[in-house]
Amino acid sequence: MSDKDALLRQYRMIMVIRRFEEEAARNYAKGKIGGFLHLYIGQEAIAVGAAEALEERDYIFQTYRDHGIALARGMSPKAAMAELFGKDTGCSRGLGGSMHFFDLERGFLGGWAIVGGHLALAAGTAFKAKYAGEDRVTICFFGDGSINIGGFHEAMSLAGLWKLPVVFVCENNQYAMGTPLERTSPLKNLSIKAKGYGMAGDRFEGHDVEHVHQRLGEAIDRARSGGGPTFVEILTYRFRGHSMSDPAKYRTQTELEQRKRQDPVFIARNRLLEIGVDESTIDDIDLEVDEEIEEAVRFADESEPARQDVMMSTVLAPEEEA
Ligand SMILES: Cc1ncc(C[n+]2csc(CCOP(=O)(O)OP(=O)(O)O)c2C)c(N)n1
Ligand SMILES: [Mg+2]
């Protein structure tokens, strides 16, 4: 496949995520979606670049900000939107909602809401792959707010000690809820932590999907070829608040405007223009994506709600007394 085809595919997927998130916000405001909703707008190039670099058999873990990577991994926008709407046709049968996407078939092992908690799970699947002699890499995404959590230290220590085939990716979007990183970390460059755990480290900007693909590819190859884990810090930015209840007043409009110059959508679009793709081809992709996402919303709206009997079969609960 030519570079051009790959760039078109990547641009399309970035747009799928962007439009999906915008529609999710709109439908949250309409009251169609309950619970928490954390959007990935601004960070799309990371999910898409990572998905490009992974093999189908690999495992993925993500935080509650999980729609982007699930879609990039190939989950249908219908199954994703229906999950947000709490419908039985959702990827977790409507029982998980936004923070608990899951897609075993695609090796997407969740959507986790406890900050830093899922790093240990990623070390676990990486250990299993190594122990069983499977050629399977685990990639684990988390935010800058995870780095001082106990689970981070435990997972990184074991992964480093046992040279596990795992890539830990810190999506440093500069804020944990409303708190900027400089108020919680004595380090600016988080990637130097890798040394302390005896593993390789990398640090780069995550706005350009090709760049993310290439650099994460190096870490994934290292894990796959027995070179052990890598701790990767990717510098990024979220354009919306932490969740739907956050108006993001802790940052200035100037900061936001500056960051929007590095919008992954514009970068991917400009790259296509640079290689000679004409504007109308790009506009056609945009229209196609709009339709796909509108269709996903219709599907979610028309689907049946999550079922209580399914829910009861997934939890440990005492038999009801007669
Ligand atoms: C152990 C734990 N403590 C606190 C919270 C509440 N909480 C949810 S998200 C969040 C901020 C995390 O920020 P970051 O890791 O930077 O990820 P981002 O939201 O920026 O993607 C906090 C403190 C939680 N979910 N889990
Ligand atoms: Mg953050």
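The values are calculated or read from the model by the stated rules, or taken from the named source; none is laboratory data. Here the structure is a predicted model, which means the values were calculated and not measured. With ideal geometry, Cβ positions are generated from the backbone for all residues, glycine too; neighbour counts draw on all protein chains shown.
Listed values, structure above:
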item	result
Failed criterion for HIS38 (all others in (1) out of contact with any Cys (no Cβ under 9 Å at 6 or more places or on another chain); (2) more than 29 Å from PRO247 (Cβ to Cβ) hold)	(2)
Single residue of ARG240, ARG271 found to be touching a residue at least 24 places away in the same chain (Cβ under 8 Å), surrounded by 13 or more Cβ atoms within 10 Å (Cβ to Cβ) and assigned to a loop (DSSP other than H, G, I, E, B)	ARG240
Selection from the range 98-123 of residues that are surrounded by fewer than 19 Cβ atoms within 10 Å (Cβ to Cβ) and either in a helix (DSSP H, G or I) or among the basic types (Lys, Arg) (or both)	HIS100, LEU104, GLU105, ARG106, ALA120, LEU121
Members of the range 124-135 that are touching a Pro at 6+ places or on another chain (Cβ under 7 Å) and surrounded by fewer than 24 Cβ atoms within 10 Å (Cβ to Cβ)	ALA129, LYS130
Within the range 150-191, tally of residues that are under 22 Å from ALA129 (Cβ atoms) and within 9 Å of ligand 1 (Cβ to nearest atom)	2
Qualifying position, being within 16 Å of ligand 2 (Cβ to nearest atom), modelled with pLDDT of 95 or more and not aromatic (Phe, Trp, Tyr), among ILE234, ILE267	ILE234
Filter result for ASP135 (among the charged types (D, E, K, R) and within 16 Å of ligand 2 (Cβ to nearest atom))	no
Some residue of the range 225-235 being within 16 Å of ligand 1 (Cβ to nearest atom) and either out of contact with any Leu (no Cβ under 9 Å at 6 or more places or on another chain) or assigned to a helix (DSSP H, G or I) (or both)	yes
Answer residue from the range 138-156, given it is away from ligand 2 (no atom under 16 Å from the Cβ) and crowded, with 23+ Cβ neighbours inside 10 Å and is farthest from ALA223 (Cα to Cα) among those	ALA155
Subset of the range 157-174 that is within 17 Å of THR63 (Cα to Cα) and in contact with a Gly (Cβ under 8 Å, 6 or more places away or on another chain) - its residue that is nearest to ligand 2 (Cβ to nearest atom)	ASN173
Failed criterion for GLU218 (all others in (1) within 19 Å of ARG57 (Cα to Cα); (2) crowded, with 21+ Cβ neighbours inside 10 Å; (3) of a type outside the set (Ser, Thr, Tyr) hold)	(2)
